[in-house]
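Here is the structure we will look at.
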Amino acid sequence: MEYSIVPAISGQYTLTIFGISNNKYYLSIRARNSVGTEIIYANYDGYSFIGSTNSYVLKYDSTPGAFVPVIAPIITFDRLRNDILVAQEQNDVLSPQGAKQLGDEKFVNNLIRLINLAEKLDGACDRRKAKKDKCEPAVNVLKLFLKRLELASRKCDKPANCDEEREWTAFRKVHGKDDDYRDFFRDWDRDDWHKHKRQSRRFVTDEALKIIKDDAGWLIKSLGGEMDKRHDEHHGNDKNGRQPISIRPSPSSH
């Protein structure tokens with residue numbers, strides 16, 4: 001299915017995808033200026049979740065020589081949770097046995113739990129009486145979430161190389177005494193994951209990792225955080241390597 005706006009006037013456009021099933025979608029956006037020169041060509045892969053919407057914002061200027069149009073997906077905590085749920089249902093196209101794209105139910109539930117805890121910490125810095133130079137509890141929990149996925153995607157010759165417990169230990173060492181993380185560690189230490197983690201199957205396909213990682217990266221940016229350089233090099237799919245803008249999503253109703 002293809003849609004065109006001709007002629008397109010300069011301004012901000014919002015493209016919304018309505019989920020009528022839990023599935024993967026492929027989005028291609030092309031734009032030309034008023035003299036017909038192509039000024040953007042961007043591709044996005046994503047997951048649609050039944051009953052939900054995925055939105056992208058395009059700031060477009062048709063004037064020849066104007067700044068290149070920029071595109072940003074609007075990512076919320078809800079959208080990131082939906083990514084996990086849809087990836088859990090999707091089959092791995094590279095697997096002849098039709099294996100799923102994400103690990104077992106215990107692993108999936110715990111990933112969602114981690115997103116919930118990050119959302120709970122969003123705004124913690126605003127509630128402080130005294131400001132800190134750098135206060136990013138929600139951002140740092142989301143980065144830990146991404147690190148777990150990256151470890152789950154590895155095919156390790158030595159189990160120690162994929163041991164996420166080292167990441168948890170390092171995270172606690174840095175943030176364990178920080179009041180901004182008090183609720184996080186209290187809830188995390190009570191989580192049922194600790195009873196099941198040795199039996200849980202933890203894995204993620206390359207396709208699922210890319211979609212979830214890109215969306216988590218956008219959410220981190222919208223919260224004021226930054227991804228490492230390696231992630232930004234693969235963030236978005238503009239053929240000219242241009243970086244889209246970051247848009248702060250409205251607070252989730254979850």
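What follows is calculated from the coordinates using simple rules that are stated; it is not laboratory data. Computed from a prediction, not measured in an experiment: that's the story for all the values here. Here the Cβ is made from the backbone with ideal geometry for all residues, glycine too, and neighbour counts use every protein chain on show.
When each of the peptides 49-60, 175-186, 106-117 is scored by the mean number of other C-beta atoms lying within 10 Å of its residues, the order from highest to lowest reads 106-117, 49-60, 175-186. When peptides 64-75, 205-216, 12-23 are ranked by their average number of other Cβ atoms within 10 Å per residue, the highest-first order is 205-216, 64-75, 12-23. Taking 51 Å as R0, compute the FRET efficiency from the Cβ-Cβ separation of Glu105 and Val35 and round it to 0.05. After rounding to 0.05, the efficiency reads 0.40. By the compact-protein rule of thumb, 2.2 N^0.38 Å, the alpha-carbon radius of gyration of region 1-110 corresponds to a ratio of 1.33. Take the residue pairs Lys147/Lys221; Lys120/Lys177; Lys106/Lys155; Lys24/Lys59 and return only those whose Cα atoms are more than 22 Å apart. Check vs 22 Å cut-off fails for Lys24/Lys59. With only Cα atoms counted, region 77-232 has Rg and Dmax values of 15.9, 56 Å.
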